[in-house]
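Working notes, structure below.
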Amino acid sequence: MQNLTISTQPIAGQKPGTSGLRKKTSVFMSRHYLENFIQSTFDAIGGVQGKSLVLGGDGRYFNDRAAQVILRMAAANGAARMIVGQGAVLSTPAASHLIRLNRADGGLILSASHNPGGRDADFGVKYNMANGGPAPEAVTEAIFARTQVIDSYRVIETVDVDFMKIGAQQIGKMEVLVVDPVSDYARLMESLFDFPKIRALFANGFRMRFDAMCAVTGPYATEILENRLGAAKGTVTHGTPLPDFGGMHPDPNPTWAHELMDEMMGADAPDFGAASDGDGDRNMVVGRGIYLSPSDSLAVLAGNAHLAPGYRAGLKGVARSMPTSAAVDRVAAALGIASHETPTGWKFFGNLLDAGKVTICGEESFGTGSDHVREKDGLWAVLLWLNILAERNEPVVEILNGHWRRFGRNYYSRHDYEALPIDQAEAVMGALRTRLTMLPGTRIEGMIIAAADDFAYSDPVDGSLSKSQGLRILFEGGSRFVLRLSGTGTEGATIRLYLESYVAGPEGLDVEVQEALTPVIRAAEALAGIRAATGRAGPDVVT
Ligand code: G16
């Protein structure tokens, strides 16, 4: 066993995006690429001497090889202990929980989330802090700065750790503790939700389909839904995690989870459907014959969370990312609690959760979670829905309609223009940005622009300022559109166009979504000209 210092050179482009560093798998597998990023991470957090870290990933191609390299580097850098999920697998929320449960100093999560996996697809690495949450911008910037000057990394030459063997092993002086990836997480879920009540729901014939999309949630969902809650065997489909996710695109939205959508919209559909993504932090929920937008799901969960034991004391506050619809704000107002608006990225919720200002958070990008961990949590959202359904004993469609009757409806959709040339996408953003100050007061498509800005966020806890977080065009009456560039892609640029229109009701609550949004869609094209500038006939993905 030899402790080596390997000379290296900076590699361009190792800048973490919305959620860690995501690149093509072949890029991560190229010489020194992973090692440079890991050593830079260790250096940027003040070294790992004597520290304990959690390590796991979503099981995608290269997950196990990368985990072996990281362990050898952690040992060479003096780490005291690494807690690793069996098979080097952990869902993102389970990793967050393990960091908190074991009071670890942080964790490394190997995932490109909802991006496809495989040798020709995507890979990613993310560093999480001692609170269990994604590193804030100050830390990711320090990591990036370090990648630009790195000249060596440390690694121990040794045999592989046996990732399948539960228990303690050693690499030199460093302990490697391989743990069951599911059991601690399942215990946490049992502490938050009324399992006997949900078990009774299933025993009374309630039928569900959970599409794990050949990704990491399979074992978690099978253990919790089928084994502990008594859902029928086969409730979980695509439940075996595969390195290439079986060729599926593990992004739980109506486009990519179309098998689930077809079943839920078909004859004899189950009562409730759900899907999760590559690393288990996203969720899509579907009722029989009805799709719920993530923004509506967040609002209903916030309004009904008190029905679950873990939230019976009420919510301290809620938070949503800026592009997420304002539906949850209306619930917060009714509950008399604050609703915070943050930039896109779960990392922005961390301070609010740590400071006890919010209990539940959510994003339009199919993420919902609470203060039980510091990541969004797909299965948690599904279980909270199940707990609510068990308490209310009403179909999903009734709950949703009742919600809209009470609060009004925020019609909402996101149009994605993917894989655009970067300069073309930046030109679209730039052109709209320069016009922002001139727009207020303009009448377009029968609506008047009330305000237009480039969203900036001042963190109420640490005062940090995050600028340029999306262009907002706000109309009088609550309609708006938002334009921003995705920070999670690995090819070209993706423009996200977020569209929202509010109807107070009682009339007009059941219009088809794209139809209800037509004036906003037209106004967005007139003002931002995405189709005109890119030559695209329309968006690639509509959610
Ligand atoms: C990540 C972040 C989310 C964010 C989403 C979309 O999700 O964790 O907070 O909303 O990306 O980001 P973008 O619009 O920049 O692509 P995940 O599930 O990919 O980790």
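Some notes on this structure:
- 240, 217, reordered so the largest accessible area comes first (probe 1.4 Å): 240, 217
- Near residue 130, once Lys and Arg are set to +1 and Asp and Glu to -1 for all other residues with Cβ below 9 Å from its Cβ, the sum equals +1.
- The Cβ shell under 11 Å around residue 241 holds other residues with a net charge of -2, Lys and Arg each +1, Asp and Glu each -1.
- Acute angle (nearest 10 degrees) that the helix 137-147 long axis makes with the longest principal axis of the chain, alpha-carbon atoms: 40
- Computed in the context of the full set of protein chains, the accessible area of the chain at 1.4 Å probe radius has 50% of its extent on carbon or sulfur.
- For the chain, the longest principal axis of the C-alpha atoms and the axis of helix 396-407 are separated by about 60°.
- Summarising the overall dimensions of the chain from its C-alpha atoms, the Rg and Dmax are 22.9, 73 angstrom.
- When the surface is traced with a 1.4 Å probe over the full set of protein chains, residue 122 keeps roughly 10 Å² accessible.
- Taking the Cα centre of the stretch 116-161 as reference, the dipole from Cβ charges on Lys and Arg (+1) and Asp and Glu (-1) amounts to some 100 debye.
- √(5λ) per eigenvalue of the Cα gyration tensor, the stretch 93-248, largest first, Å: 34, 19, 17
- Simple Cβ-charge dipole of the chain, Lys/Arg +1 and Asp/Glu -1, about Cα centre, in debye nearest 20: 840
- Averaging the Cα positions of each part gives two centres, and for the stretch 48-87 and the stretch 202-255 these lie 27 Å apart.
- A straight chain from residue 169 to residue 200 at 0.36 nm per residue would run longer than the Cα-Cα distance by 7.0 nm.
- Of 505, 38, 270, farthest towards positive along the dipole that unit charges on Lys, Arg, Asp, Glu beta carbons give the chain: 38
- The label point for residue 443 and the one for residue 177, both projected 7 Å from the Cα toward the Cβ, are 6.8 nm apart.
- Rg to Rh quotient for the stretch 2-180, alpha carbon positions, Kirkwood Rh: 0.92
- With contacts taken as Cα pairs under 8 Å at a separation of at least 6 residues, the stretch 4-133 carries a relative contact order of 31 percent.
- Averaging the Cα positions of each part gives two centres, and for the stretch 471-543 and the stretch 420-460 these lie 12 Å apart.
- 11 Å beta-carbon shell around residue 307, net charge (K/R +1, D/E -1): +1
- Helix 422-435 and the longest principal axis of the Cα set of the chain meet at an angle near 50°.
- The calculated FRET efficiency for the pair residue 518 and residue 468, based on their C-beta separation and a Förster distance of 25 Å, comes to about 0.30.
- Hull volume per residue, based on the alpha-carbon atoms of the stretch 409-542 and their convex hull, is 131 Å³.
- In Å², nearest 10: area of residue 245 left accessible to a 1.4 Å probe: 0
- Modelled this way, with points 7 Å down the Cα-to-C-beta line, the labels at residue 532 and residue 451 are 2.7 nm from one another.
- Here is how the number arises for the chain: DSSP H runs of 4 or more residues each give -39500 (n - 2.57), the sum is divided by the residue count, and the result at 222 nm is -9000 deg cm²/dmol.
- Residue 182 accessible area, 1.4 Å probe, all protein chains in place, Å² to nearest 10: 20
- Alpha-carbon centroid distance for the pair the stretch 301-372 / the stretch 160-191, whole angstrom: 31
- The gain in end-to-end length when the residue 258 to residue 31 segment is fully stretched comes to 77.9 nm, 0.36 nm per residue minus the alpha carbon separation.
- With an a/c value of 1.5 or above and a/b larger than b/c for the gyration tensor axes a ≥ b ≥ c computed over the alpha-carbon atoms, the stretch 387-487 is described as prolate.
The values are calculated or read from the model by the stated rules, or taken from the named source; none is laboratory data. Since this is a predicted model, take the numbers as computed values, not measurements. Quick reminder, even Gly has a Cβ in these numbers, built from the backbone with ideal geometry, and neighbours come from all protein chains shown. Please note that ligands, DNA and RNA were not included when accessible areas were found on the heavy atoms of the full protein model with its side chains. Shrake-Rupley method; radii C 1.70, N 1.55, O 1.52, S 1.80 Å.
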